[in-house]
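Worksheet: one structure, shown below.
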Amino acid sequence: MSLKQTVYFMALVGAGAGLLCWAIQSWTIDFVGTLSATSSTLMVSSIMGALIGGFTVGFADRWTTDRVVLTWILVGTLLGGAAGALGGSIYALIIMSGVMPPGLVHPLEWMVTGGLIGFVTGLRWFGVNRLRSVHALIGGLVGGLLGGTSFYLSSLAASLIISLGANALSYMIAGMGITLGVTLAPVLLRDGVLLFISSADPRAQNKYAGPPPQQWVIQDGDRFVVGSQGAESGMTMYARPVDIYIPDAMVAKRHAVLFAANKRFFVQQHQDNVGPQGQPLKTLQHNQTNVTGTHELRNGDELIVGQTMLQFSSRRQAPEPRQGGRY
């Protein structure tokens, strides 16, 4: 899946979460009656967080791993719901203080909630790069602010019908704002991209060839494990067992490590893909050269992982190559 497709589908995920959240709130009011402002805020923010957390995990795993794992979706749902509830509680405390101007009520509510939802969503990448959670938090703050502003504008609608429609639209905008903020933060901050080219293994070819082909965004400070280890072998409750999943029979469970430091990019054999004599167990090549140490990647370089070809591209113009491609 391309970056544009990721942004498009994440917008749909956020809009769907927002619309469902609005529907649940409306149904609750129909059966229970009008809720207090505090109770309504806590309910809405918790539901929105749970939906975004679960949907985001399910979407990401559907396109980048071997299968969707129910446990991970449940954990994402619980963490998102907890983040939403915390955001609603913080907002309620501020409201109770009586110092909040009316025009800032909804923008602040969704900004805080969106930031916290973004943070817990970004925790999936904690093992790759701790800053990704911070980037997701910032993206959620910005997206939530946009959604909250739309809430305030919808409250100014004169007609009840128009107000209801604008309110539903505001939920969708809030959901899209949060998911797009979280998604676009790493995309806008990306320093490199790893692009799937082709594979002799039909599983990898069918999964990633597209069109358009799969891309993985790389930020400075990232450390990705490349391999074929499936989700059923995952050792955590929330994170993937490998970061770049390649369903190739000739790819080791943990095959290679791709990392970025100081705006430079490197690849090396994973220790699990190295034999007792230091020899690679399965193929890893950089520009048709076997990777035996740590090789620096430059714009346009090719990687062969098992039977799969990948291409690296960088925003920076490639400098003159060093001898052997190593540092």
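The residues of region 240-283 that are outside any loop (DSSP other than H, G, I, E, B), within 21 Å of the chain's Cα centre (by Cα) and under 12 Å from S228 (Cβ atoms), listed by number, are I244, Y245. Within region 177-196, residues that are assigned to a loop (DSSP other than H, G, I, E, B) sit with their Cβ atoms under 6 Å from residues that are among the acidic types (D, E) and surrounded by fewer than 21 Cβ atoms within 10 Å (Cβ to Cβ), at 6+ positions apart or across chains, in these pairs: D191/D220.
Residue count for region 121-152 satisfying the condition of being touching a Ser or Thr at 6+ places or on another chain (Cβ under 8 Å) and either crowded, with 24+ Cβ neighbours inside 10 Å or more than 17 Å from G76 (Cβ to Cβ) (or both): 10. The residues listed here are L146, L169, L156; of these, the one that is part of a loop (DSSP other than H, G, I, E, B) and either in contact with a Cys (Cβ under 6 Å, 6 or more places away or on another chain) or modelled with pLDDT under 85 (or both) is L156. For V68, the requirement of being in contact with a Gly (Cβ under 7 Å, 6 or more places away or on another chain) and not small (G, A, S) is met. Please enumerate the residues belonging to region 109-159 that are of a type in the set (S, T, Y) and over 21 Å from M43 (Cα atoms). S133, S159 - these are the residues of region 109-159 that are of a type in the set (S, T, Y) and over 21 Å from M43 (Cα atoms).
Taken over region 48-67, the residue count meeting the criterion of being among the hydroxyl-bearing types (S, T, Y) and crowded, with 23+ Cβ neighbours inside 10 Å is 1.
The values are calculated or read from the model by the stated rules, or taken from the named source; none is laboratory data. Please read all numbers here as calculations on a predicted model, not as lab measurements. Reconstructed Cβ throughout: ideal geometry from the backbone, glycine too, with neighbour counts over all protein chains shown.
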